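Every number here is computed from the coordinates shown, using simple stated rules; none is lab data. Predicted, not measured: the structure shown is a model, and the values here were computed from it. Here the Cβ positions follow ideal geometry from the backbone for every residue, glycine too, while neighbour counts run over all protein chains shown.
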Amino acid sequence: MSYFLVLLVFGLWSGTIYALVALGYTMVYGVLKLINFAHGDVMMVGTYVGYATALQWKARGATGRAWTPGMGQVLTIFFVSMALCAVLGWLVERFAYRPLREKPKLTALITAIGISFVISYGFQMEVGFLPGPAPRAFPPLLKETTWLSLRGGEVTLSNIQVISFAVALGLMAALQWLVFKTRFGRAMRAVSFDHRTAALLGIPVDRVIAGTFMIGSALAAGAGLLFALKDSQVDPLMGTQQGLKAFVAAVIGGIGNVPGAVVGALLLGVVEQLVVGYAASSWRDAVAFGFLIVVLLLRPEGLFGRVTAEKV
Amino acid sequence: MGPPALRGVLPVLLACAGLAVLQLLLGGLPFFVTLASMVGINVILAVSLNVVNGMTGQFSIGHAGFMAVGAYAAARVSMLLNEVAISGLPEAVSNQVLYAVALLAGGVAAAACGFVVGLPSLRLRGDYLAIVTLGFGEIVRVVIQNTPPQTSPGFWAMGGSLGLTDIPSGRSSLFSTWLWAFLVVLVARRIAESSHGRSLTAIREDEVAAEAMGVNTTAYKVRAFVVSSFFAGVAGGLFAHFYETISPGSFTYVRSMEIVVMVVAGGLGSTTGSIVAAVFLTLLPEGLRSGFLALGGQAAAQVAEQVRMPIYGVLLVVLMLARPQGLFGTRELWHRRKAKGAAP
Amino acid sequence: MRHLAPALLAAAALLLGCEKKQSQPSADGKPAAGPEVKAPAAPPSDTLLLGEVGSLTGAEATFGLSTREGIDLALEQANAAGGVNGKKVEVRVYDDQGKPDEAANATVRLINQDGVKLILGEVASTNSLAMAGKAQAAKVPMVTPSSTNETVTQKGDYIFRVCFIDPFQGYAMAKFARETLKLQNVAVLQDNKSAYSTGLTEVFKVRFAEMGGKVAGVESYSKGDTDFRAQLSSLKSQSPDGIYIPGYYTDVGLIAKQARQLGIQAVLLGGDGWESDKLFELGGEAVENSYYTNHYSPDSPNPATQKFIAAYKAKFNGKVPDSLAALAYDAANVSLDALRRAKSLSGPDIRDALAQTKDFDGAAGKLTLDEKRNATKPAVVLKVAGGKASYAATVNP
């Protein structure tokens, strides 16, 4: 039982990171019906920005210990990397997707793949500010302490786990509020429903879509930093793997649905850890995708997705 | 041209003759053979994927999975038949016959997978189908990665992460690769121009309307899927015998993406487009390599090796921005006279 | 618009054509055709062109770049010392993005377009295998610096390597763990994506059990994973006194960190994939008191090793070489040595010269190429202490 709880904690923890990335996929899909394949790479960029910012404060010791940043510094790191990624998201949308908005969806998918190549392979070059292919140790932003200890210390909850979880749920709630309670959210929903009609009604479609991209990208940067808190390592290809899993999570939850993305991500995280813990770890990815397929066959619109009857 | 009975066979015979000449003339130039084989394999993959993604309007991004199934099945069959020779035939001929058997086995195995995956999942719409095919591709890869080493007994010893390294050599030829490429183009063209193809187009343009018109959409979609995965499997078999070693790393979803890129860049629904894009995008990386070597010499070339992929990405974006409908739209080279409106 | 596609095609053909013209003579000069009559024209005849295929981009890029640096250093030194028989040596590098098929294509291109005399091979065994088939078919010798899987050199008599093979390395660690560390119960965490890792695991499991130890359990991860907590928790429940992690330093540092976070105190054991300064940056205190097998010890008194380390640091801004760089350096030097001794610059002659390599004083230890074209040399076991690795023991073949 303790072992199960341990796995559950780990699963929820990695699930929170999938969740933040999945939110970006889901928002963009909701508004544009586009799978933004460059999203995982935006997350990677965000993590590197955080890494570079953290290095500004830290005179690095030979083995990478010491230096605990203050609260202000941590918040600054989060702010800087989320802001820069929002700009990156805006750039990607403006130059790679907007010109293709009226074209077949697949076209934008190809530019998404192109952008993903540019970012992930670009970061593998060791020129100028580009970091090169080797992974880097991300300096610890928070000192890990145990907040809760159950069953005689066999199951523990650390501050980082609780904070990550709280941040993810908080952001999800904020997003839900944004989508359903604000003018911007109403505009987003209108655009998502039918962007041509929305434009006719005076909604600034371009600005809404750009805003969606910026929010999604900022969330991805936040996810990247939480990821760095958890696994303390950055490398240029991390976005690909996290992105793929987050995308799967978004689909499981019902793509286009905010709480769905979070639930799907947490579920996926837990399922993965349970597979590793109780079955063979080498089957993890197969089970993750198998789970996805089963969910889709039983509920083709995902767990929380709405069935949209096609209008004839 | 000629009696109808001959019409089906004639192009194939002509192609055989032409390819035999090509093989005799250029079969001795290894670099050319390498490029031509890569191009041929990618043409098969792109044209076959176009049957699903272009003609039927479905969205599959798991083509590498079918390719992997075909590659491993063909390779394993070839390895099992390595000691076998067909009596009464010279060894080279008998090897080629066995090679054809192996390729067919690969194709059939992939087609069976296509059927199994297609039947339930083709009831899903657009992007959901995409993610299921992607999941299928990844599952195939993980399953192969978990198989025992190739020296273990049994058909299922697929070599795990090291892959199969003992695939019989000397089987692959320009002739066989391009004959299959020719066949897939022929089949794709025939499908497009048959009533079958019209049904597929109807599904692409409006699935609900097609259903209302009495098109059994699921059956047609599954059939398109099976045909497409059959050829992907054959391409896998050709790939395995050309490189003589295969490992799961060759069949990641990145390869599926590359094939999707070819289809879209060429123009969804256009077989000609798929061919041209496959040829162009396969040669592009090698071309960039040559270009940098010629322009900047050794030093520039070394740096350029690392810039190649980002440049490829930029080119993709530029190509799509400049020509969103792909190079050919939905047109075909053999449609000159029929003025066909471009699909929306 | 219909003209766009043919135009693009023509452009691609043109780009390819550019190169062909330049090295026309080498394209006709079939490499297999006995003694070389025509000298390739692309590099002037006073230079000798070698080929290298490596992962300069993709998931394996850090290994590919280390390898390239090792080779660069070797060639620079060779040219400073007058080259090979008066000829300047150059290397042409192609990137394979870590994909076997790209590696094979690049090999064919090196042989037929660039007319290289010898190919320095990949790190990953799967890629080297794909290359080996093509090199063997063209009868151009290939030397892989660090592909340790047994099957690589079995591809043919033109394929060599300068490192020991997995069975020996797995045996070395099993022996050290059982006999020196006296471990009873060892768990294994392998990288399921890499043939190197699964190969070592197989050997270690068998050998360690033969020596009377118990293999508690085997868990796996995929290279590039960053969360190993579930695997480690599962291993923890077996309470092993040692964990064998035959992976690369890019993952091992993190694995060690997470293992310590979970309260696993077992000794961590590894292979030559650990060898890199990055290990200490990524693993920090977590990798202290771990052991790994390697080709050489950085603090060995062997002058060849010390000279290599000093030269490497001087050339690459104080960077400490990893084992891949050292092996690549050796692969290049063994090849140059063979080229110097070869009767002619034809494939068979270079191969014969390579096969005769004996007691070569490499940066990663003295090596002799045996009849299976593998390097026979002792393995050393290093201990991590104080943020660096130092000599602990030697295991002889």
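Which semi-axes, in whole Å and largest first, does the equivalent ellipsoid of segment C:228-316 have when worked out from the alpha carbon gyration tensor as the square roots of 5 times its eigenvalues?
30, 13, 9
Going by average Cβ neighbours within 10 Å, how do the peptides A:214-222, B:234-242 rank, with the highest at the top?
B:234-242, A:214-222
C:Tyr296: net charge of surrounding residues, Cβ under 11 Å, Lys/Arg +1, Asp/Glu -1, itself excluded?
That sum, taken over residues with Cβ under 11 Å, equals -2.
In debye, nearest 20, what is the charge dipole magnitude of chain C about its Cα centre with +1 on Lys and Arg Cβ and -1 on Asp and Glu Cβ, if you could check?
Charge dipole of chain C: 380 debye, to the nearest 20.
Arrange the peptides A:225-233, C:230-238 so that the one whose residues have, on average, the most other Cβ atoms within 10 Å appears first.
A:225-233, C:230-238
So what's the net charge close to C:Gln258: Lys and Arg +1, Asp and Glu -1, counting the other residues with Cβ under 10 Å from its Cβ?
Neighbour charge sum, excluding C:Gln258 itself: +2.
Relative to the Cα centre, what is the charge dipole magnitude of segment C:201-253, using +1 at the beta carbon of each Lys and Arg, -1 at the beta carbon of each Asp and Glu, and rounding to the nearest 20 debye?
Once rounded to the nearest 20, the dipole reads 100 debye.
Would you work out the relative contact order for chain C, in percent, from Cα pairs under 8 angstrom that are 6 or more residues apart?
Relative contact order here is 16 percent.
Could you calculate the contour length gain from A:Leu8 to A:Arg299, that is, 0.36 nm times the residue separation minus the distance between their Cα atoms, to one decimal place in nm?
Taking A:Leu8 through A:Arg299 to full extension adds about 102.3 nm, to one decimal.
Any idea what % of Cα-Cα pairs in segment A:258-300 are farther than 13 Å?
56 percent
Please give the charge dipole size of segment B:226-344, origin at the Cα centre, charges +1 on K and R Cβ atoms and -1 on D and E Cβ atoms. Round to the nearest 20 debye.
For segment B:226-344, the charge dipole is close to 620 debye.
Given H placed 1.01 Å from N in the peptide plane, which residues other than close sequence neighbours of B:Ile61 have an amide H under 5 Å from its amide H?
Here the answer is B:Thr133, B:Leu134, since their amide H atoms fall under 5 Å of that of B:Ile61.
Per-residue mean of other chain beta-carbon atoms within 10 angstrom of the beta-carbon, peptide C:215-224?
That works out to 4 on average.
What Rg and what Dmax come out for segment B:104-178 when only alpha-carbon atoms are used, in angstroms?
When restricted to the Cα atoms of segment B:104-178, Rg and Dmax are 15.8, 44 Å.
Hey, can you rank C:149-158, C:278-287, A:35-44, C:135-144 by average C-beta count inside 10 Å, highest first?
Answer by packing, highest mean first, reads A:35-44, C:135-144, C:278-287, C:149-158.
Along its principal axes, what span do the Cα atoms of segment B:139-264 show, with the longest given first and each in whole Å?
55, 33, 28
Using a 10 Å cut-off on Cβ to Cβ distances, tally the other chain neighbours for every residue of B:247-254 and report the average as a whole number.
Mean shielding by partner chains, rounded to a whole number: 6.
Restricting to Cα pairs below 8 Å that are 6+ residues apart, what does the relative contact order work out to for segment A:1-160? Please round to a whole percent.
Value for segment A:1-160: 27 percent.
Taking only the C-alpha atoms, wrap a convex hull around segment A:228-274 and report its volume per residue in Å³ as a whole number.
Cα convex hull per residue, to the nearest whole number: 82 Å³.
Provide B:Val116, A:Val275 in ascending order of the number of other Cβ atoms located within 10 Å of each residue's Cβ, fewest first.
By the 10 Å Cβ count, ascending, the order reads B:Val116, A:Val275.
For segment C:312-369, what is the convex hull volume of the alpha-carbon atoms per residue, in Å³?
In segment C:312-369, the Cα convex hull volume per residue is 87 Å³.
Pick from B:Ala102, B:Ala112, B:Ala71: which residue has the top mean-square fluctuation in a GNM of chain B where Cα pairs under 10 Å get a spring?
Largest GNM mean-square fluctuation: B:Ala112.
Counting residues in chain B as N, plug N into 2.2 N^0.38 Å and put the Cα Rg over that result.
Chain B yields a ratio of 1.01.
Give the span of chain C's Cα atoms along each principal axis, as three whole-Å numbers ordered largest to smallest.
65, 59, 39
What Kirkwood hydrodynamic radius do you get for chain A when you take the inverse of the mean 1/r over all pairs of distinct Cα atoms, in Å?
20.1 Å
Hey, if you put +1 on the Cβ of every Lys and Arg and -1 on every Asp and Glu Cβ in segment B:111-253, which of B:Ser169, B:Asn216, B:Tyr243 ends up farthest toward the positive end of that dipole?
Value computed over the given set: B:Asn216.
Counting only DSSP beta bridges with both residues in the protein assembly as shown, tell me the antiparallel percent, nearest 5.
Percentage antiparallel, nearest 5: 45.
Relative to 2.2 N^0.38 Å, what does the C-alpha radius of gyration of segment B:209-299 come to as a ratio? Two decimals please.
Normalised Rg, Cα atoms only: 1.49.
Per residue of C:190-199, what is the mean number of Cβ atoms on other protein chains within 10 angstrom of that residue's Cβ?
5
Using just the Cα positions, wrap the protein assembly as shown in a convex hull and report its mean projected area in square nanometres, one decimal place.
If I average the Cα hull's projected area over directions, I get 41.9 nm².
Anyone know which of C:Leu181, C:Leu200, C:Leu189 comes out most mobile in the 10 Å Cα GNM of chain C?
Checking each option, the largest mean-square fluctuation is seen for C:Leu181.
Summing Lys, Arg as +1 and Asp, Glu as -1, what charge do residues with Cβ under 13 Å from the Cβ of C:Leu200 carry, C:Leu200 excluded?
It works out to a net charge of -3.
Springs between alpha-carbon atoms under 10 Å, Gaussian network over chain B: tell me which of B:Ser290, B:Ser256, B:Ser270 tops the mean-square fluctuations.
With Cα springs under 10 Å in chain B, the top fluctuation among B:Ser290, B:Ser256, B:Ser270 is at B:Ser290.
Considering only A:Leu274, C:Ala172, C:Ala135, whose Cα is most displaced toward the positive end of the charge dipole of the protein assembly as shown, charges sitting on Cβ of Lys, Arg (+1) and Asp, Glu (-1)?
A:Leu274
For chain A, what does the relative contact order come out to in percent, with C-alpha contacts under 8 Å and a separation of six or more?
37 percent
At 222 nm, what helix-only mean residue ellipticity would the protein assembly as shown give, in deg cm²/dmol to the nearest 500, using -39500 (n - 2.57) for each DSSP H run of four or more?
-19500 deg cm²/dmol
Residue farthest toward the positive end of the dipole of chain A, with Cβ of Lys/Arg at +1 and Asp/Glu at -1: which of A:Gly222, A:Leu157, A:Ala137?
A:Gly222
Averaging over all projection directions, find the projected area of the Cα convex hull of segment A:114-244 and quote it in nm² with one decimal place.
About 11.6 nm², averaged over all directions.
Using the number of other C-beta atoms within 10 angstrom as an exposure proxy, rank B:Leu321, C:Leu118 with the fewest first.
Ascending Cβ contact count within 10 Å gives the list B:Leu321, C:Leu118.
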